[in-house]
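No lab work stands behind these numbers, since they all come straight from the coordinates. As the structure is a prediction and not an experimental result, all values here were calculated from the model. Positions of Cβ are generated from backbone atoms using ideal geometry, with glycine treated the same way; all protein chains shown enter the neighbour counts.
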Amino acid sequence: MKARHVCAALGIAIAAGSVVFMQSLVATNDAQAVRVAERLLEEMPVEPGAKVARMQLDFRPDGHVLQGPPMIAAAATCTGRRLKKGECVVSRALFAQRRVKRPPPVGDEITLVGRRGAYRLKIAGYLDWSRPLRGYPNMFVSAETADGIGEEWRPFSAPSAEELASGFRSDVGRSMDRAKPLLLWAAALTALCLLLNSLILSIEARRREIAVLRMVGLTRGGVARLVLGESAMLSLAGLAIGVAAAVAALWLYVSADADTFPLGMAVSGRGVLAVAVLTPVVAVAGALFALRPALSVKPLEAASDHAPRKRPLGMFLAIAFGYGAFVAVEVWGASLMKPFVPSKEWPDAIVSILPGGVSAFDIHRLRSLPGVRRIAELQPLQVNFDPLEEMSGGRGGGRQYRNALLLASDWLPDFRFVQGSRETASKAISSGDACVITEMMGRARGLKAGDKLKLDAGRGLKVELDIVGVVDLNWHMVTSRGLVRGLNRMPTNTDGPVFVSFDTLAACDPRPQELVRMTHLWLDFDPAFLGRNGVFPAGRIVERAIVDALGGAWAEGDGGEIRGNTVRLHARDEIADGTLAHGTDLIGAMARVPFIFLAVASLGFVAMLVASADSRRREFVVLRTVGATKWQLARVLVAEALRVAMAAIAAGLPGGAAVGWLCTSGTRAAMSNWGLPPSFVMPFGLCVLGAVGTVAFTLLVAVPTALNLIRLGSKSMSASNRLRSI
């Protein structure tokens, strides 16, 4: 079997096998769901009559405030374990929610934050269960400890294994679902490019043979059948090898982790069907692309003794499409993430004092914090729009409406105004019921400076605010990480912040003012202090100073409960880094798909170099005769492979960027109308890394192949010389 045939069949096998393996892994995981749920009920049973409460876990790995969605502790009461007051037993699933590699050791305290207080509990032990399940208890406390936690405890209704199973399905599948279309597309494209490369090289190598057949009466239809037959043979061989290899790899994978997969493997029928349907399509498409060079063969070429011509088109397309897919994913991800990275105009940090807050008099103690240039109260309140617009997916079955996040402060930061000015806006806000909105809200709701913002504060209270300015501000992540949204049982989703005065916010707040406490601050660091310490250490120093100035975060409750507030400082740049890291993690999982297939596509260089060496055999014989070394001849082949790769990279970069932008536009159109700006980001650093990886793949395949070809050619030339001498 020729090298070109081996490369094509192997490429199709790897592409088909990857699809079958990944989809079967999802199916295997789903097949275990009921059994895994049964094991959960056996290993972590909840006692009849137990009560549960849900609270946030304020966990800080290595001292960093945890970025991203909060970790939720579902605490259940128990009597079967000997626990003292203030102690708890937790499952490893509590920390597996965020893939924490080093949970706190036994004996350490953890902090829980509820709606009515913050609580510290000592870890008395761990339960060896590491698969998180939303809503099922992952922490156990005594009834005495539960009495000291002043939250809403609800009776626990024991679910069946079948009811719990849905929570265990598609742990892998959720990630795979994002990449499934890309996986199928990249697999089909990779297989097509390798097949096309093989067919074009095959036609060139058999050009004289085809010309002879044309002379003896082979029709153009007969040539087409030859090409289609070869394409079908290679595709079916690759399909069979790929499916068999995927099943074998899955069996080995599942057998090595019997605890996770107690019921063994399950082959995905959909995955097999997908590749079985795609393979004939790829075979026909490859044959159609290769027909033009095949039908261009003339009968008169039967008398030609020319060496086959070089045909790098197939490899050029393979690398261009593969690298272009990598660039497209990176552009798509970076462009989607840009509106979620906090704007530099937002103050350096936001501080939450939750859940109870402190009085306005306590805030005066914070006027001379070390390293802080400016600090101000930031009072949040979410208020529904007028008329009411119901949101879908309300928590707890209650109705939730679209709302504005009012942020009251006596300091309007140096935001970038696109309508109005900071000076006039500050004066208008301080002197009347006026507000500044974000450009996102203006875009989403059709509002501009000079319009009225109509709000429904409930209990018959309707408010109209004059819009005196519009600012360009990315706020999603900074308000989420700062725990500004979702207070007072409001939804975490909002149409954006609206900057107002304290008096205006008080007029919109139906709560008695004597019950309203300060829960948030925002501040700017002193530049010199920030430069000496860096963002993370500076935040921890100031956070500690705030706790000390407030007399400590913890106090005994009226009933002896151990409760208090948690003080959390979220630095804007830490939030930005966390946002980008999280986005890179999600995008990287998808970007690796075309990059892996790019590595597979590079196998096609073997066939291309074989054809190139064949077309230059006379040239190489002459060069060897005049003293050229094997390394010098090998460099010629490697240089050709690099030229093809570099040209393909140059073509794939703009093509991939254009596809990434189109995908970004499509994704934005399918998303909820949050007023997100249409942004285009070209991540040049990642694209350069992808190009370096592409060149590395090329060299890994081309160098040993070229050396081997020259070695074999030298042996052939030596044998030929010996025959002549005889």
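Quick look at the values:
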| item | result |
| --- | --- |
| Among 429-439, 127-137, 450-460, the order from most to least packed when residues are scored by Cβ within 10 Å on average | 429-439, 127-137, 450-460 |
| Cα-projected label distance for SER430 with LEU461, points at 7 Å along beta-carbon direction, nm | 2.5 nm |
| 0 to 90° range, to nearest 10: angle between helix 3-31 axis and the chain longest Cα axis | 30 degrees |
| Mean separation of Cα contacts under 8 Å, 6 or more apart, over the residue count of region 47-157: relative contact order % | 38 percent |
| For a label point 7 Å along the Cα-to-beta-carbon line of LEU515, residues of region 482-502 with backbone N under 15 Å | 488-490 |
| The chain: equivalent-ellipsoid semi-axes (sqrt of 5 x gyration tensor eigenvalues, Cα, Å) | 62, 32, 24 |
| Listed peptides 26-33, 87-94, 541-548 by packing density, highest first (mean Cβ within 10 Å) | 87-94, 26-33, 541-548 |
| Spatially proximal lysines relative to LYS630 (Cα-Cα < 30 Å; intrachain offsets below 8 disregarded) | LYS2, LYS310, LYS715 |
| 0 to 90° range, to nearest 10: angle between helix 422-431 axis and the chain longest Cα axis | 30 degrees |
| Gyration tensor (Cα) of region 479-526, equivalent ellipsoid semi-axes in angstrom | 19, 16, 12 |
| Length added when fully stretched, ALA581-VAL418, from 0.36 nm per residue minus Cα-Cα | 55.7 nm |
| Cα point-scatterer Debye curve for region 1-115, base-10 log of I(q)/I(0) at q = 0.12, 0.21 Å⁻¹ | -0.67, -1.26 |
| Taking the chain and dividing mean pair separation by its residue count, relative contact order in percent (alpha carbons under 8 Å, at least six apart) | 20 percent |
| Proximal lysines to LYS101, defined as alpha-carbon separation beneath 25 angstrom and excluding residues fewer than eight positions away on the same chain | LYS122 |
| Theoretical ellipticity at 222 nm over the chain - DSSP helices of four or more residues, -39500 (n - 2.57) apiece, nearest 500 | -17500 deg cm²/dmol |
| Neighbour-count order for MET490, MET477, fewest beta carbons within 10 angstrom listed first | MET490, MET477 |
| FRET efficiency, 1/(1 + (r/R0)^6) with R0 51 Å, evaluated for ARG544 and VAL277 via beta carbons | 0.25 |
| Sorted by Cβ density within 10 Å, fewest first, the residues TRP332, TRP475, TRP631, TRP251 | TRP631, TRP251, TRP475, TRP332 |
| Dipole of region 340-578, positive direction: furthest Cα of VAL542, GLY446, GLY432, with charges on the beta-carbon | GLY446 |
| DSSP bridge pairs, the chain: antiparallel proportion in percent, nearest 5 | 75 percent |
| Angle between the chain longest axis and helix 572-601 axis [Cα atoms, degrees, rounded to 10] | 20 degrees |
| Trypsin sites (Lys or Arg not before Pro) restricted to region 345-382 and DSSP loop, no more than 13 other C-beta within 10 Å | ARG367 |
| Label zone at GLU47 (point 7 Å along Cα-to-Cβ), backbone N below 11 Å, region 72-92 | 77-83 |
| Beta bridges per DSSP with both ends in region 47-157, % antiparallel, nearest 5 | 70 percent |
| Reachable lysines from LYS51, criterion Cα separation under 19 angstrom, eight or more residues apart if same chain | LYS84, LYS85 |
